[in-house]
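Shown next, in structure tokens, is the structure this report addresses.
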Amino acid sequence: MLLDKFIDIVGPDACVTDENQLEPNLTEWRDIYHGKTFAMVSPASTQEVRDIVRTCAAAGVGIVPQGGNTGLCGGAIPDESGEQVILSLSRLNRIRSMNAEDFSMVAEAGCVLVTLQQAALDANRYFPLSLGAEGSCQIGGNLSTNAGGINVIRYGTARQQVLGLEVVLADGEIINGLRSLRKDTAGYDLKQLFVGSEGTLGIITAACLRLYPHPGETATALIGLRGADDAVALLGDLRERLADRIEAFELISNRALEFVQRHIPGAKVAVELDGDWYVLIEVAIGNDRKLLEAALESSLEKGLVLDAVVAKNATEADRLWRMRHSISEAQKFEGPSIKHDISVPIASMQHFLKSCEEKLQVLEPNAKPVIFGHVGDGNLHYNLTVPGEIADDQARAAVITTTIYDLVADLGGSFSAEHGIGARKKQYLEHYRGNTEIDLMRRLKKALDPLDTLNPGKVI
């Protein structure tokens, strides 16, 4: 039996078949996707991953790699056939090496993101990838979706943090590419094939990650603005004086802030701020405690800022960031939602927001935009709180989504900025990407996974 082979590989305690134990791994936190499986196996080494992959390939069984299961597009959930096996990477959770002099570390795929952040700090280094689910998401999942987060403006997405990868291929062969080189032009850069591929081309088991000098003391401020276009102008203005000291620059709509303060205990702004839009900024200030305040005063004189509150200490800064990270949680209390993770050219952000608002007023005037995002990289979470009758009508909801995505495409943007494709966005990938690109993706999938064993039914 297949289960007996799994038990021989990982041991009886790491092969779960009980329905109650499996339940948390069969749905995502938004409770939209539900799947079935006959087993979840949790290997503790790359060799065990290899053996499971070979066993499944021989049996023609699909494998669904799963990390912290914090995704939003169904990428880590098996289908409803019950014939796919979940491969949990949670036991692959060792930091294999830390090299402070080389500004790198090697971590296994199941390492929780916050653990890696802390390990870097303990070595007087900095690992910049940071997102709301960092207390539970795993680095393998972060890399497989090319996660973004709040620090992209200075450090780039997850892709930019990868120096090398260890990957198990669909036939069980292992790519041992854990090199920490910054320069290597020997052939194709194979690691980039697997970052963002959501486990459909290979299973990431470990990564050599780029570290940075610790940014030192930072200052955090919440800034009130008249309009979203002022955020783009403000970012340009502050960059002229602060350059790459800007660690994060987050746009928050007034409605999003209202929802958080209404529903999340302790998430309150200490003072009343003016504005229909807000920016939450974090800046590395070195030894100059007045650096951010001086820059904001100049922007205030130029009319780019209505008001601002600068956190006096780490506790106040943490409270502001908690507010930002709680937006999605707060929106749940307001009813059903339709969520969109899009990106547009930074200069087109205001045009997109105005045009989208006008279209929605005609199409669905009862839809309430709850918008937040990363101004520095053009990524907006364009979420809509909607009445139940809209959320329950798939055709009606699809018209809303297509209207938004069409506008994004017209502006040269993307319908998927950082959450990936998974099962949820497959049809949009085929619609908004050219035939040549889609054909090449299919050829890559066929070449690397000819039996369609790895995360079947996802992405392409």
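FYI, it's all coordinate maths here, none of it is from the lab. Bear in mind that the values here come from a model prediction, so they are computed numbers and not experimental data. Virtual Cβ from ideal backbone geometry, glycine too; neighbours counted across all protein chains shown.
Remark: C-alpha extents of the range 221-349 on the principal axes read 42, 35, 24 Å, sorted largest to smallest.
Converting the Cα gyration tensor eigenvalues of the range 314-367 into ellipsoid dimensions via √(5λ) gives semi-axes, longest first, of 27, 18, 9 Å.
Axis of helix 291-301 versus longest Cα principal axis of the chain: the two differ by about 50°, to the nearest ten degrees. Ordering 53-62, 175-184, 35-44 by mean Cβ neighbour count within 10 Å, with the highest value first, yields 35-44, 53-62, 175-184. Extension gain for residue 186-residue 346 works out to 54.1 nm (0.36 nm per residue, less the C-alpha to C-alpha distance).
Once divided by 2.2 N^0.38 Å, the Cα radius of gyration of the chain becomes 1.00.
Using the reciprocal of the averaged 1/r over all distinct C-alpha pairs, how large is the Kirkwood radius of the range 276-345 in Å? Computed over the range 276-345, the radius equals 15.0 Å. With each label modelled as a point 7 angstrom along the Cα→C-beta vector, the residue 121-residue 431 pair spans 4.3 nm.
Label sites at residue 396 and residue 442, each approximated as a point 7 angstrom past Cα along Cα to Cβ, lie 3.5 nm apart.
Dipole of the chain computed with +1 at Lys/Arg Cβ and -1 at Asp/Glu Cβ about the Cα centre; of 405, 63, 383, farthest Cα towards the positive end is 63. Within the range 308-460, the proportion of Cα pairs with more than 18 Å between them is 66 percent. Evaluated at q = 0.14, 0.16, 0.26, 0.30 Å⁻¹, the base-10 log of the normalised Debye intensity for the range 370-425, with identical point scatterers placed on the Cα atoms, takes the values -0.44, -0.57, -1.26, -1.32. When restricted to Cα atoms, the range 113-158 yields an Rg and a Dmax of 10.1, 28 Å, respectively. Cα-based Rg of the range 35-191 per 2.2 N^0.38 Å, rounded to two decimals? The value comes to 1.08. Relative to the current alpha-carbon distance between residue 29 and residue 229, full extension at 0.36 nm per residue lengthens the span by 68.7 nm. Using the Cβ-Cβ distance between residue 301 and residue 276 with R0 set to 25 Å, the FRET efficiency works out to roughly 0.75. Kindly state, to the nearest 0.05, the FRET efficiency for residue 3 paired with residue 80, given R0 = 22 Å and r defined as their beta-carbon distance. With a Förster radius of 22 Å, E is 0.65. Relative to the longest principal Cα axis of the chain, at what angle does helix 314-325 sit, 0 to 90 degrees, rounded to 10? Taking the Cα atoms of the chain, the angle to 314-325 is about 70 degrees. Taking the C-alpha atoms only, the angle from helix 46-59 to the longest principal axis of the chain is near 60 degrees.
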